[in-house]
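Visitor: First the structure, then my questions, so here it is.
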Amino acid sequence: MTPGFLTQVHHDIREVVRAFAHGEIAPYAAEWNAAHQVPLATIRAMGPLGFLAVAVPEEFGGSGLDALSLCVIVEEIARADAGTSTVIAVQNGLVGAPILRAGTPAQQHNWLPRLACGEVFGAYALTEPDAGSDTAALRTTARADGDGWVINGTKQWITNGGFADLFVVFARTGGPGAKGVSAFLVEKGSGISVSNEIPKMGLHTSSTVELVFEDVVVGNEQMLGAPGQGLALALATLDGGRITIAAQACGIAQAALDLAVEYAGTRMAFGGPIAKFQGVQFPISDIAAKLDAARLLTWQAAVLRDAGQPHGIAGAKAKLFASSVAVEAANVAVQTLGGYGYSAEYPAERYYRDAKITEIYEGTSQIQRIVIARDLFGDSARG
């Protein structure tokens, strides 16, 4: 469909993932969502297929592929179930990626192979009750104590947190501002208190919790990257994570489009299928065009990342646009199905609920617009 982006390897990967998603995820997605169940056994089964450490080199147990491959994988999983794709996105982009980027050889050899095979699941602990979009305002502290650190504070909206074995934790080791933050690898069972699941509008197959750190002791060897460089690592990680969320949004939009097309072609009214009416055709056609554009923006950002080029702005544009398309596509699917779209008998209402989060997490749409505006206007865009 798009020469210059997907190679034959990418097409082959997509077929493997699509077959897995069609056979092992899609038939059970409604049941899992109704039960608010994270399908960990199914997710672990993705380890041998290489889905859990896509861009991690083979020497660490990963697939040794690229960011574009990860986009292809996440989109196909999200097309079957968005919540399940969130686990994959976090494992790859928010946990594996910073360890690969900033970890010591010992940290990489210890954690990356275990993340790759599904022995271990990870979570990314950055957001706090009063530090969401304003990441530099985080208050969790890590106080130096002998040969280690003592962490105190609270983290909120932590995806994968309910079952994670490893947490990438950001805490203040110095003074105020961005340069006072460091990152740590903290294991489950080290004294972290995990709340019950936070009730959410969508993504019911994804775990989201609050974490409380009360005198949690970590060693110096658990610091990830250099002291005071934690926030830089966090933002670099999010630059890549936004591309993955854009891919997730494309998957949700594709699922909604598929459903709307299928239903409109078979629903009979006024002497024929409702697909014959322009009032039905045109919104669906608009989604098809916008989805192609969203996918191209996403792939472009991934290609820049793979080439080692600046990709933060491209990722912001991709996430901003793709998330908007996902919400619009879900809305069109609900409207096309009418009463059935509002009923849990069909997945349209699930797509509607799941799509909205793509405009919020890993940087809201407003934050993406700020990022883009600062690139366009420079210092004149800063307050």
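Visitor: For the range 289-311, indicate whether the set of residues that are acidic (Asp, Glu), modelled with pLDDT of 95 or more and touching a Gly at 6+ places or on another chain (Cβ under 9 Å) is non-empty.
Guide: Among the residues of the range 289-311, not one is acidic (Asp, Glu), modelled with pLDDT of 95 or more and touching a Gly at 6+ places or on another chain (Cβ under 9 Å), which makes the answer no.
Visitor: Scanning the range 27-84 for residues that are hydroxyl-bearing (Ser, Thr, Tyr) and either closer than 18 Å to Ile357 by Cα or in contact with a Gly (Cβ under 6 Å, 6 or more places away or on another chain) (or both), which turns out surrounded by the fewest Cβ atoms within 10 Å (Cβ to Cβ)?
Guide: That would be Ser63.
Visitor: Run down Val280, Val261, Val303, Val332 and say which single residue is more than 17 Å from Ile360 (Cα to Cα), free of Cβ contacts under 8 Å to residues at least 24 places away in the same chain and either out of contact with any His (no Cβ under 6 Å at 6 or more places or on another chain) or not hydroxyl-bearing (Ser, Thr, Tyr) (or both).
Guide: So the residue among Val280, Val261, Val303, Val332 that is more than 17 Å from Ile360 (Cα to Cα), free of Cβ contacts under 8 Å to residues at least 24 places away in the same chain and either out of contact with any His (no Cβ under 6 Å at 6 or more places or on another chain) or not hydroxyl-bearing (Ser, Thr, Tyr) (or both) is Val261.
Visitor: Does Ser207 fit the bill of being farther than 22 Å from Leu233 by Cα, modelled with pLDDT under 95 and either buried (at least 24 other Cβ atoms within 10 Å of the Cβ) or not β-branched (Val, Ile, Thr) (or both)?
Guide: Answer is no for this residue.
Visitor: May I pose another question? Of the numbered conditions (1) over 17 Å from Ala137 (Cβ atoms); (2) crowded, with 21+ Cβ neighbours inside 10 Å, Ala171 satisfies every one except a single condition; which is it?
Guide: Failed condition: (1).
Visitor: So how many residues does the range 260-283 have that are more than 13 Å from Gly338 (Cα to Cα) and either of a type in the set (D, E, K, R) or crowded, with 16+ Cβ neighbours inside 10 Å (or both)?
Guide: So the answer is 5.
Visitor: In the range 4-34, how many are free of Cβ contacts under 8 Å to residues at least 12 places away in the same chain and over 30 Å from Leu100 (Cα atoms)?
Guide: Going through the range 4-34 one residue at a time, the tally reaches 3.
Visitor: Quick one: which of Gly339, Gly315, Gly363 is modelled with pLDDT under 95 and either in a helix (DSSP H, G or I) or not acidic (Asp, Glu) (or both)?
Guide: Among Gly339, Gly315, Gly363, only Gly363 is modelled with pLDDT under 95 and either in a helix (DSSP H, G or I) or not acidic (Asp, Glu) (or both).
Visitor: Same structure, new question: Within the bounds of the range 320-327, is there any residue that is modelled with pLDDT of 95 or more, within 22 Å of Thr205 (Cβ to Cβ), among the hydrophobic types (A, V, I, L, M, F, W, C) and outside any helix (DSSP H, G or I)?
Guide: no
Visitor: Does Ala316 qualify as being crowded, with 21+ Cβ neighbours inside 10 Å, within 15 Å of Tyr351 (Cβ to Cβ) and assigned by TED's automatic domain parsing to the domain that holds Ile357?
Guide: Criteria not met by Ala316.
Visitor: Those residues that are polar (S, T, N, Q), in contact (Cβ under 8 Å) with a residue 60 or more places away in the chain and surrounded by fewer than 20 Cβ atoms within 10 Å (Cβ to Cβ), I need them from the range 341-370; list them, please.
Guide: Correct list: Thr364, Gln366.
Visitor: Can you spot a residue in the range 159-168 that is of a type in the set (A, V, I, L, M, F, W, C), in contact with a helix residue (DSSP H, G or I) (Cβ under 8 Å, 6 or more places away or on another chain) and under 29 Å from Tyr351 (Cα atoms)?
Guide: Yes, the conditions are met somewhere in the range 159-168.
Visitor: Can you tell me which of (1) polar (S, T, N, Q); (2) part of a strand (DSSP E or B); (3) crowded, with 18+ Cβ neighbours inside 10 Å is the one Asn152 doesn't meet?
Guide: If we test Asn152 against (1) polar (S, T, N, Q); (2) part of a strand (DSSP E or B); (3) crowded, with 18+ Cβ neighbours inside 10 Å, just (3) comes out false.
Visitor: Among all residue pairs at least 6 apart or on different chains, which show Cβ distances below 8 Å where the first residue, located in the range 173-192, is without any contact (Cβ under 8 Å) to a residue 24 or more places away in the chain and the second is of a type in the set (A, V, I, L, M, F, W, C)?
Guide: Glu187/Leu166; Glu187/Phe167
Visitor: If the Cβ limit is 9 Å and pairs must be 6+ apart or interchain, which residue in the range 128-140 that is outside the structural domain of Gln366 (by TED's automatic domain parsing) and at pLDDT 90 or above pairs with which residue that is assigned to a loop (DSSP other than H, G, I, E, B) and of a type in the set (A, V, I, L, M)?
Guide: Glu128/Leu138; Leu138/Leu126
Visitor: Report, by residue number, each residue of the range 134-158 that is in contact with a Ser or Thr (Cβ under 6 Å, 6 or more places away or on another chain) and at negative phi.
Guide: Listed by number, the residues that qualify are Ala142, Asn152, Gln156.
Visitor: Residue under question is Leu231, and the condition is that it be surrounded by 19 or more Cβ atoms within 10 Å (Cβ to Cβ), assigned to a helix (DSSP H, G or I), touching a residue at least 60 places away in the same chain (Cβ under 8 Å) and not charged (D, E, K, R); does it hold?
Guide: Yes: the conditions hold for Leu231.
Visitor: Among Gln248, Gln254, which is farther than 10 Å from Ala329 by Cα, touching an Asp or Glu at 6+ places or on another chain (Cβ under 8 Å), part of a helix (DSSP H, G or I) and at pLDDT 95 or above?
Guide: Gln248
The values are calculated or read from the model by the stated rules, or taken from the named source; none is laboratory data. All of these numbers come straight from a predicted model, not from anything done at the bench. Cβ: placed from backbone, ideal geometry, glycine included. Neighbour counts: every protein chain shown.
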